[in-house]
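Input: a single structure, listed below in structure tokens.
What follows draws every value from the coordinates through simple rules; no lab data is involved. Values in this document were obtained by computation on a predicted structure and should not be read as measured data. Cβ coordinates were reconstructed from backbone atoms using ideal geometry, including for glycine residues, and neighbour counts include every protein chain displayed.
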Amino acid sequence: MSTWILLLAILATFSGGTVRTGHIEAGQFGAGQFGESRRPGPAALSPGRILWKKDYVRPQSIPFPADNRFSPERALLGRTLFFDPRLSASKILSCARCHNPGFSWGDGLPLAIGDEMKELPRRTPTILNLAWADLLFWDGRAESLEEQALLPIESRTEMNQPVASMIRTVSELAGYRRLFEQAYPGEEISPKTVGRAIAVFERTVVSGRASFDEWIAGNESAIDESAKRGFDLFNAKAACRKCHAGWNFTDDGFHDTGVRGMDKGRGQLLPLEAMQHAFKTPTLRNADQRGPYMHNGSERSLQDVLELYDEGGREKRPSLAPEIVPLHLTAREKADLLAFLKTLTSPGQATEFPLLPH
Amino acid sequence: MTRRTFARIACAGLMFAIPGKPAEHQIIQKDRAFSQTAITIKPGDSIVFKNADDVTHNVFSVTPGMEFDIRRQAPGGSSSVPFGHEGVAEVRCSIHPRMKLLVTVKK
């Protein structure tokens, strides 16, 4: 009897479906996007499942830092710079060349392609949901999106454009001078304003509402029973949530998950044992559209990724995260996990391409 | 709580308050966050870092002169770190870099 009273209390507590966020810009994301929460039907009366679900509620708006607030003019400028290949030395590589909206803001390749068509050592990460990110890049070497945005432009192996040269190119175009003045009135065209504008645009790149979100909001028929079992596995037996935590399915942390390869990852920056071969936890949003997987594209499919975790990592090194242990998943459990992961994919969203200034 | 237990706790608190005696402070790691973001202690004091999460943490500092690394700490684990001299140490969890703590050590 007391168990049922507890369950009813939990249901009453979590049926609201709201979330508190910090600094917010209105209008871009979410007002009215949430359906009415409903109490789950009898099939969902699993105490664990009910408690876990509260951790996956989408935020209602995008956070912007106080010193780089959203404005439509800033987002337009950032979008224009992001899609402009003239920011590269070769004049053919834009940010969007690797972060292609057609590949869920990645490039669909095992390893990124940089300047002179040379392969880079790591895979292109998606830019989805970076408004909520902490450190940037697979190894966390940038502290903010504003800082991150300039690094691939300057990198000799990526866009290979000295910042001074990039600023000269942009400043010579009347269309850009107008866009900068509208976005950052009174401020000069500088690496700082370029980085800030690109960061504003990147923060607006948010994964859309997926069937999983409908389920979290209370629509029990939004995902099938296999996916629901996969959700339970994700949170319990497979314990994926220990790293892929929250609505964005990342703890923004760094872990050696036993991926094959010699790359030291964050260990190159931080000489601690736990950081050797450690890479940033990626979001799982739209994951089935973003293969191949891992920081080096070494796993071709989501099934392969599940196999990696089921065997407790491909490489058993001293730095392997303690959370990575053999899972002993059955074939049905793997199918359920896969079914669950596919519910995180949102329907395709139209991307607005900018007219590039002359 | 009995009156005797209360008296014991009160006595323990007085012991910590004796001037000149090194004190032991506690910082809890829960929900991938430290229980506080800043703490001021005296030279010779120590901080016990307790992992109350169900994930591994790795508290460390690379502040020059105040470096330490308690290495991986399993859920439920505790580690005591002494702070011998004055300074300001930036403490983080290497696994979850959002976790930040500023330790100010001064007389």
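Helix A:72-82 and the longest principal axis of the C-alpha atoms of chain A enclose an angle of approximately 80°. Under 18 Å from a label point set 7 Å out along the Cα-to-Cβ vector of A:ARG141, the amide N atoms of segment A:296-310 belong to A:296-297.
Summarised in one figure, the compactness ratio Rg/Rh of segment A:231-286, Cα atoms and Kirkwood Rh, is 1.04. When the pairs A:LYS53/B:LYS30; A:LYS228/B:LYS30; A:LYS53/B:LYS50; A:LYS192/A:LYS264; B:LYS30/B:LYS107; A:LYS242/A:LYS280 are compared against a 21 Å limit on Cα-Cα distance, A:LYS228/B:LYS30; A:LYS53/B:LYS50; A:LYS192/A:LYS264; B:LYS30/B:LYS107 fall above it. Length gained on full extension, A:LYS237 to A:ASP67, computed as 0.36 nm times the residue gap minus the Cα-Cα distance: 56.9 nm.
Scaled to the globular estimate 2.2 N^0.38 Å, the Cα spread of chain A, given as radius of gyration, is 1.05.
For segment B:16-67, report the % of Cα-Cα distances exceeding 18 Å. Result for the distance tail: 42 percent. In segment A:229-328, the alpha-carbon atoms span a convex hull of 96 Å³ per residue. Using the charge dipole of chain A (Lys, Arg: +1 at Cβ; Asp, Glu: -1 at Cβ; taken about the Cα centre), state which of A:ALA89, A:PHE353, A:LEU272 has its Cα farthest towards the positive end. So the residue furthest toward the plus end is A:PHE353. Maximal additional length on extending the A:GLN268-A:LYS118 stretch stands at 51.8 nm, based on 0.36 nm per residue less the C-alpha distance. Normalise the Debye intensity by I(0) for segment A:123-186, one equal point scatterer per Cα, no solvent, then take log10 at q = 0.21 Å⁻¹ and round to two decimals. Taking Cα atoms of segment A:123-186 as identical point scatterers yields -0.99. Build a GNM of chain A with springs between Cα atoms under 10 Å apart, and of A:LEU306, A:LEU327, A:LEU173 the one that fluctuates most is A:LEU173. The label point for B:THR40 and the one for A:PHE353, both projected 7 Å from the Cα toward the Cβ, are 5.9 nm apart. Distance between the pseudo-spin-label points of B:LEU102 and B:ALA52 (7 Å out from Cα toward the beta carbon): 2.4 nm. For segment A:143-223, the average shadow cast by the Cα convex hull is 8.3 nm², which is a quarter of the hull's surface. Per residue, chain A reaches -9500 deg cm²/dmol at 222 nm when only DSSP H runs of four or more residues are counted, each adding -39500 (n - 2.57). Residues A:ASP232, A:ASP304, arranged from fewest to most other Cβ atoms within 10 angstrom of their Cβ, appear as A:ASP304, A:ASP232.
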